[in-house]
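What follows draws every value from the coordinates through simple rules; no lab data is involved. Just so you know, these numbers come straight off a predicted model, no measurement behind them. Cβ coordinates were reconstructed from backbone atoms using ideal geometry, including for glycine residues, and neighbour counts include every protein chain displayed.
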Amino acid sequence: QVQLVESGGGLVQAGGSLRLSCVASGRTFSSYVTGWFRQAPGKERELVAAISRSGDGTYYADAVKGRFAISRDNAKNTVYLQMNSLNPEDTAVYSCAATLSGWQTTARGYDYWGQGTQVTVSS
């Protein structure tokens, strides 16, 4: 099993940047595909970005392509989400998730979840 703890959320003005971090417990973090999800009030949870076990493969939702970048440092058991050019539509609770089930692009495919961190973008 793995436990995930996110940090780095906050309030930022439109056009600004934030970097989210997700630190995992356990010695086998490199075995997990990891994703960042977000959920805005009244909306379904959506996958924002995902990264392969080694970090050489990534996925981005269309809404964030070119603005967000996911990366990982397996030596530090950490996954990052660099968010640039933020806009109010990016306001949501962001959660990281991990799975041993290979490449997954839906929430149902992820087994382990962090508690989430709030990102609020003001206009």
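Charging the Cβ of each Asp and Glu at -1 and of each Lys and Arg at +1, and nothing else, the dipole of segment 31-86 about its Cα centre rounds to 100 debye.
Normalised by 2.2 N^0.38 Å, where N is the number of residues, the C-alpha radius of gyration of the chain stands at 0.97. Other residues lying with their Cβ under 11 Å from the Cβ of Ala14 contribute a combined charge of -2, Lys and Arg counting +1, Asp and Glu -1. Across segment 75-123, C-alpha contacts under 8 Å between residues 6 or more apart give a mean separation that, scaled by the residue count, equals a relative contact order of 45 percent.
The phi torsions of segment 111-117, fed into the Karplus equation with coefficients 6.51, -1.76 and 1.60 and a -60° offset, translate into couplings of 9, 10, 9, x, 7, x, 9 Hz, rounded to whole numbers, with Gly and Pro shown as x.
Below 15 angstrom from the Cβ of Ser95, what's the summed charge of the other residues (Lys, Arg +1; Asp, Glu -1)? Once all neighbours under 15 Å are counted, the net charge is -1. When the Debye formula is applied to the Cα atoms of segment 73-123, each taken as the same point scatterer, what base-10 log of I(q)/I(0) results at q = 0.17, 0.25 Å⁻¹? The calculated log intensity ratios at q = 0.17, 0.25 Å⁻¹ are -0.69, -1.08. Sparse packing (at most 13 other Cβ atoms within 10 Å of the Cβ) combined with a DSSP loop state is found for the following GluC sites (Glu not before Pro) in segment 41-123: Glu44. Once the Cα-Cα distance is subtracted from the 0.36 nm per residue extended length, the Ala75 to Leu11 segment shows a gain of 20.1 nm.
If only the Cβ of Lys and Arg carry +1 and only the Cβ of Asp and Glu carry -1, the dipole of the chain around its Cα centre is close to 180 debye.
The modelled label-to-label distance between Asp56 and Asn87, using points 7 Å beyond Cα along the C-beta direction, is 3.5 nm. Relative contact order of the chain, taken over Cα pairs closer than 8 Å and 6 or more residues apart, is 36 percent. A Förster distance of 25 Å, applied to the separation of the beta-carbon atoms of Arg19 and Arg45, puts the FRET efficiency at 0.75.
Distance between the pseudo-spin-label points of Trp113 and Arg27 (7 Å out from Cα toward the beta carbon): 3.0 nm.
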